[in-house]
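For reference, the structure discussed in these notes is given below.
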Amino acid sequence: MKAQEASVSVEELRELVREFARREIAPHVREWDRDAVFPGEVFAKLGEMGLLGIMVPEEYGGAGLSYAHAIAAIEELAAVEPGIALSVAAHNSLCTGHILAFGNEQQKRTWLPRLASGATLGAWALTEPESGSDAASLRTRARRVDGGWRLSGSKAFCTHASVAEVAVVMARSLEKEGGAGVSAFIVPLASPGVVRGKKEDKLGMRTSDTAALTLEDVFVGEDALVGAEGEGYTQAMAVLEGGRVGIAALAVGIARAALEASVAYARTRKQFNLPLAAFEGVRFKLADMATQLDAARLLTERAAALKDQGLRCPRLASEAKLFASELAVRAAEEAIQIHGGYGYTKEYPVEKLWRDAKLCTIGEGTSEIQRLIISKELLAGG
C-alpha cells in the first residue's frame, strides 16, 4: 500500500510508516547516527511511498493527503529515527510547502512533481549567521538585473543544503526596514555561484543534513520570484506556522519512544529483587510522561485539524510546538534517569533521544519565540 492511495486512513498510513521504519530504518540507526549518514536510499523509498509530497495535491504529483496524515507519519518516523523524521517534515513543510502555498501555477507545475516524488530534495534558506530568531534582519540581497535577479549572501543551518537540488531563499530586495523588504526566490542549487558550505557536525538529528549555503552573485530569472516582491517575510512566517505543527509531531514521536523504552526497561530491570516498575518513584515518572504525551499529541492534532480546514492557527501551532518540544527533552531525560548508568551509554537508545530532542526546542523558532507568539496572540484576543 502507498500513501497516495485515496482510501488510506490516518491509522492505515500510521501502520504503513511504522512497519517501514522498523524494517528499513531501525537496523541502521546507531551506525547512521555515529557517522552522520544522510540515507539517500531511504528517501528514495519514502518518495515512492508518497511521503515526500504527502499534502501536495494529486494534480501536482503528490499524495493529496491531510495534515492529520502528515503528523501521523512524522510521529512514526520520529519514534524510530528522529533525524529522518526531521528531514521529511522540513521537505514537506518548508520548501515544498512554500511553493505549494505561494507559488504561481508555472512554479507549482515545474517543481512540485519533482519534490513530491523525491526525485528532487528541497531546502529552505531563511536563517543567517547573524540573524537567527531575528529573521527580519537578514542581510542576503537580491538586486534586479536584465531578465531576473542577482542574489548574494550567506545562509546558515539549512536543512538539506548539502543534498538538495533546489531551495527557496529569502533575500532583501527592497530598501525597507525589517521584513517589509524581503522577497522569496526559487534557486536551483546547481546554479553558478551557489556554494554549499560545510556540513554541520551536530549533537543530534545527525541523519538530517544541515549545512551552510553561500550565494555569490547567483542569477535567477524573473520566474524565480515567489508571489509579489516584498512578501517573502510574510510568506516565511506562514510557512513556519505549518512547520511548527510538524515539529510538534516530531517531538511527540521522540517522547513516545522515550516512554516506550522506559516502560520496557522498568518491567525487566531488577533492583533489590524487584523490577523497577514496582517502585513508586519510577511509576510516577511513567505516569507523568504518559499524561504529558497524550496532551502533546492532542495539541498537535488540534492544530493539524485547523490547518486541514485552511485556517491560520499561529497561537495553537506555537502552543503545540512549545509543549511537545519541551516534553520531548524532559521525557528523554527522565528515560535516562530510569535507565540509570545504562541510560548514559550508547547501548540503549535513550541517550540518543535526549540528543535528538533538544533541536525541537530550537528549530523553526525557539521556545522563547513560541512564548512571544503565544503571548502576542493572547493579548491581541487571538
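Tabulated data for the structure shown
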{"read-out": "Residue count for the range 179-208, restricted to those that are part of a loop (DSSP other than H, G, I, E, B), open to solvent by less than 30 Å² (accessible area, probe 1.4 Å) and touching a helix residue (DSSP H, G or I) at 6+ places or on another chain (Cβ under 7 Å)", "value": "4"}
{"read-out": "Test: residue in the range 297-309 that is open to solvent by 60 Å² or more (accessible area, probe 1.4 Å), under 16 Å from CYS360 (Cβ atoms) and free of Cβ contacts under 8 Å to residues at least 40 places away in the same chain", "value": "no"}
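The values are calculated or read from the model by the stated rules, or taken from the named source; none is laboratory data. Computed from a predicted model, the values in this text were never measured in an experiment. Heads up, the Cβs are rebuilt from the backbone with ideal geometry, glycines too, and the neighbour counts pull from every protein chain shown. These accessible areas exclude ligands, DNA and RNA; they are computed on the full protein's heavy atoms, side chains included. Shrake-Rupley method; radii C 1.70, N 1.55, O 1.52, S 1.80 Å.
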